[in-house]
Structures are given as structure tokens and as C-alpha cells.
Amino acid sequence: METMTATQNTAITHDHVRDNTSPAINRRIEEAMRDRILLYANRSPEEISRRITELDEEWDIERMLECNASALAFGGVALSLVGGRKWLLLPAFVLPMLFYHAVQGWCPPVPLLRRFGVRTQREIDAEKYALRLLRGDFEQGGNPTQKALRALEPELRPVDD
């Protein structure tokens, strides 16, 4: 069995968006995830599979930010062709904010989106992993619900390579 290096461990627990979100909002998102896992704990594998499919289609915060920023930037460029060069201020404002988010994990829409419950990909993946535990996808002993709830803990979240 391989041991995890300190760098790998940091990669698992470090999440720029969560780090830049208020603890109360992070807690609310985590509690909602726990509530959903408890809701699905006694559901059939088919129902759990449907929920996993829903999670596969859920947009994470990065995708929302990228989509909105590109739409605003494109809209500003298009409007500049019709309404004058002043519309170029829109992409001039939006694109540096997207860059700042890529570097720091924060930009003005992040707190608002997090308040609305928009999750990071790692949070979505943690819920999917917990549901897969409930569905019995892995060899396991003990209580699958307890294992699924533990899988939602931020420091234990799976990271895709």
C-alpha cells in the first residue's frame, strides 16, 4: 500500500473556493449533502443510480463562472460593435476577475453563488462517492451509511487525478 506524501495530502484538503467561502455557508452546503445521503440511505440501488446521474449533470461553481464570464465578455464585444467601444469595458472588467479566480479562488460572484448552494466539483464528487458506498459499489464491512457520511468529510474527499 502506498503512503501519501505531504504534498499529496495538501492537494486533497486544499480547495480555493471553500477556503474563500464563509464557514457558515460551507457548513450549510455540507449539511445539505449529509441530509441527502441520509435520505438515500434506505433507497433502492436504482434510485441511488438516478441521483448519481443527476450529480453527473450538476454544474459546479467553476463551470458556472467560466460560462457566465465568457457570455459577459462575448456580449461586451458584440455590443461594442453595435453600441460603441464603451461596451469593451465589460470584458475588460470580467476577464481579469476570471483570472483572479483562477489564481486565488475568489471573485465577486463566488460568495453569491455559494449562498445559492453552488458546489465545487470536489463536493459533488464527494456526494457521488458516498452514494456509491451506499449502493454497495465497493467491498466494505460495517455500516454503509456511516461510511458514506464519513466520505463527505472535507479532508477525506476523493480527488480525481
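None of the figures in this text is laboratory data; all of them are computed from the coordinates on show. What you see is a predicted model; the values in this text were computed from it and never measured. Virtual Cβ from ideal backbone geometry, glycine too; neighbours counted across all protein chains shown.
Side notes on the structure shown:
- With 0.36 nm allotted per residue and the present C-alpha distance subtracted, the I25-C67 stretch has 12.8 nm of extension available.
- Charge dipole of the chain (Cα centre as origin; +1 on each Lys and Arg Cβ, -1 on each Asp and Glu Cβ, all else neutral): 640 debye, rounded to the nearest 20.
- For the chain, the ratio of Cα radius of gyration to the globular rule of thumb 2.2 N^0.38 Å stands at 1.27.
- Value at 222 nm in deg cm²/dmol, rounded to 500, when DSSP H runs of n ≥ 4 in the chain each add -39,500 (n - 2.57): -22000 deg cm²/dmol
- To the nearest ten degrees, helix 61-83 and the longest principal axis of the Cα atoms of the chain are 20 degrees apart.
- Nearest-20 debye value, segment 66-161 charge dipole, Cβ charges on Lys, Arg, Asp, Glu: 420 debye
- C-alpha long axis of helix 89-104 to longest principal axis of the chain, angle in °: 30 degrees
- Calculated FRET efficiency, S49 to L112, Cβ-Cβ distance, R0 = 22 Å: about 0.10 to the nearest 0.05.
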